[in-house]
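K.L.:
I'd like to ask you about the structure that follows.
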Amino acid sequence: MVDKFKGKISSAIGSVHIRGNENHDFDETTPAPYDNPKLSTRLSVRNKRISSVDLKIIMLSECELKYLRFLYGCLDIKNNITPPIFVSYLLDKVNHPINTLKSSLARLEKKGFIKRESFKSGRGGWTVYSINKEVVKQLGAD
């Protein structure tokens with residue numbers, strides 16, 4: 001049965017033509033128009049220049065922003081830390097899967113929005129977070 005299909009496969013492969021640049025001369029030393037470093041854009045909201053922190057907050061995913069706002073709500077402003085937050089408590093409040101929660105918190109920490117000050121791992125684990133002071137100012141302005 002395999003021999004029956006070998007002829008059909010080889011004839012199909014033989015008839016395939018791969019498009020190339022046979023008729024075109026490209027100079028690889030000439031940069032493409034989109035490689036021009038002088039081209040740039042300015043992002044603005046209502047004619048107000050966006051700072052790097054604003055841009056970062058705008059670029060967060062919906063889940064990350066939701067978790068960040070939740071942590072901000074728990075924050076002791078004087079000390080800039082949250083009380084110990086249990087994962088089970090956070091899961092009840094945000095209604096997202098645990099893997100989404102863990103990966104989003106890890107991304108927020110990697111991006112510099114939050115920092116784990118202390119934690120207890122394992123069963124009954126909790127975490128104390130702090131939020132970047134610039135981010136606290138931006139969230140307070142909302």
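The values are calculated or read from the model by the stated rules, or taken from the named source; none is laboratory data. Predicted, not measured: the structure shown is a model, and the values here were computed from it. Please note: Cβ atoms are built from the backbone with ideal geometry, for glycine as well, and neighbour counts cover all protein chains shown.
K.L.:
Counting only residues that are among the hydrophobic types (A, V, I, L, M, F, W, C), within 17 Å of L139 (Cβ to Cβ) and out of contact with any strand residue (DSSP E or B) (no Cβ under 9 Å at 6 or more places or on another chain), how many does the range 71-115 have?
P.N.:
2
K.L.:
I114: surrounded by 11 or more Cβ atoms within 10 Å (Cβ to Cβ), within 20 Å of the chain's Cα centre (by Cα) and either over 22 Å from I57 (Cα atoms) or at pLDDT 90 or above (or both), yes or no? Steps first, please.
P.N.:
Details: surrounded by 11 or more Cβ atoms within 10 Å (Cβ to Cβ): yes; within 20 Å of the chain's Cα centre (by Cα): yes; either over 22 Å from I57 (Cα atoms) or at pLDDT 90 or above (or both): yes.
Against the criterion (surrounded by 11 or more Cβ atoms within 10 Å (Cβ to Cβ), within 20 Å of the chain's Cα centre (by Cα) and either over 22 Å from I57 (Cα atoms) or at pLDDT 90 or above (or both)), I114 qualifies.
K.L.:
Going residue by residue through the range 28-51, is there one that turns out to be under 16 Å from L139 (Cβ atoms), modelled with pLDDT under 90, surrounded by 10 or more Cβ atoms within 10 Å (Cβ to Cβ) and among the small types (G, A, S)?
P.N.:
Of the residues in the range 28-51, the ones under 16 Å from L139 (Cβ atoms) are 50-51.
Within this subset, residues satisfying the condition of being modelled with pLDDT under 90 are 50-51.
Next, only the ones that are surrounded by 10 or more Cβ atoms within 10 Å (Cβ to Cβ) stay: 50-51.
Going one step further and asking which of them are among the small types (G, A, S), we end up with 51.
For the range 28-51, residues under 16 Å from L139 (Cβ atoms), modelled with pLDDT under 90, surrounded by 10 or more Cβ atoms within 10 Å (Cβ to Cβ) and among the small types (G, A, S): present.
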